[in-house]
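Notes follow the structure.
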Amino acid sequence: MLELRDIRVDYEGRTLLRGVNLSVADSEIVALLGPSGSGKSTLLRCIAGVQPPDGGAILWDGVDVVVVPAHRRGFGLVFQDPLLFPHRSVGANVAFGMSPRDARRVAELLDLVGLRGFEDRDPATISGGEAQRVALARALAADPRLLLLDEPFGALDADLRERLVHEVRTLLKSAGVPAIHVTHDRAEAAAIADRVVTLPDLVA
């Protein structure tokens, strides 16, 4: 279980986030809504360990992980920018961090995100939407104990976005993986999440 207590983040001399409190139960999917610039993505980076908060605690099963490096938290993060490794094939990107015996899952994950047969493609030859799907498959391949999604479907066409929203929800529920999903789309939030919250509602 994830629990945020009184998270504070300062930015350029002002307080961006103050007194943010949120809990995510085991297997729960929470959608986070809020206006641009409200700090939604910043909050995800703090949870992931990419950016330290300026105050507060980030608890996983009751243990504060604020000082735990990002690579040891076991949290998956999908940014708005896919951030693929340019020198690795699509398949190698997805397999990054997986054990050799699990490599067969690469094809299954690419099929899930609609990229069957892309294993040997160079990331430079695929579209932005396809790259985002590769990033999602890579995050899921690591079997994260918490998945953080920062508008991962924003670059996809409507039909594929709708299919992936439902398939990702089904996959997360089947695997029992909790998630926080940031989006500006209320319909998308309602479709993927068990609970929808807005950032102002998280302030104590």
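Every read-out reported here was derived from the displayed coordinates using simple, explicitly stated rules and does not represent laboratory data. Predicted model, so just to flag it, every value in this text is computed and none were measured. With ideal geometry, Cβ positions are generated from the backbone for all residues, glycine too; neighbour counts draw on all protein chains shown.
Observations, loosely collected:
- Tally, over segment 87-109, of residues that are within 17 Å of the chain's Cα centre (by Cα) and part of a helix (DSSP H, G or I): 3
- Out of Ser38, Ser27, one residue alone is within 19 Å of Ala191 (Cα to Cα) and assigned to a loop (DSSP other than H, G, I, E, B). It is Ser27.
- Flag if Leu84 is farther than 22 Å from Pro178 by Cβ and not in a strand (DSSP E or B): yes
- Of all residues in segment 41-81, those being in a strand (DSSP E or B), of a type in the set (Val, Ile, Thr) and touching a residue at least 40 places away in the same chain (Cβ under 8 Å) number 2.
- Qualifying residue in segment 176-185 (condition: among the hydroxyl-bearing types (Ser, Thr, Tyr), more than 15 Å from Val24 (Cβ to Cβ) and surrounded by fewer than 12 Cβ atoms within 10 Å (Cβ to Cβ)): no
- Condition check for Leu164: touching a helix residue (DSSP H, G or I) at 6+ places or on another chain (Cβ under 9 Å), surrounded by 17 or more Cβ atoms within 10 Å (Cβ to Cβ) and closer than 25 Å to Val50 by Cα: no
- Search result, residues across segment 155-187 that are free of Cβ contacts under 8 Å to residues at least 40 places away in the same chain and among the acidic types (Asp, Glu): Asp157, Asp159, Glu162, Asp185
- Candidates Gly39, Gly117 - the one that is in contact with a strand residue (DSSP E or B) (Cβ under 6 Å, 6 or more places away or on another chain) and small (Gly, Ala, Ser): Gly39
- Scanning segment 123-141 for residues that are under 21 Å from Ala107 (Cβ atoms) and surrounded by fewer than 16 Cβ atoms within 10 Å (Cβ to Cβ) gives Thr125, Ser127.
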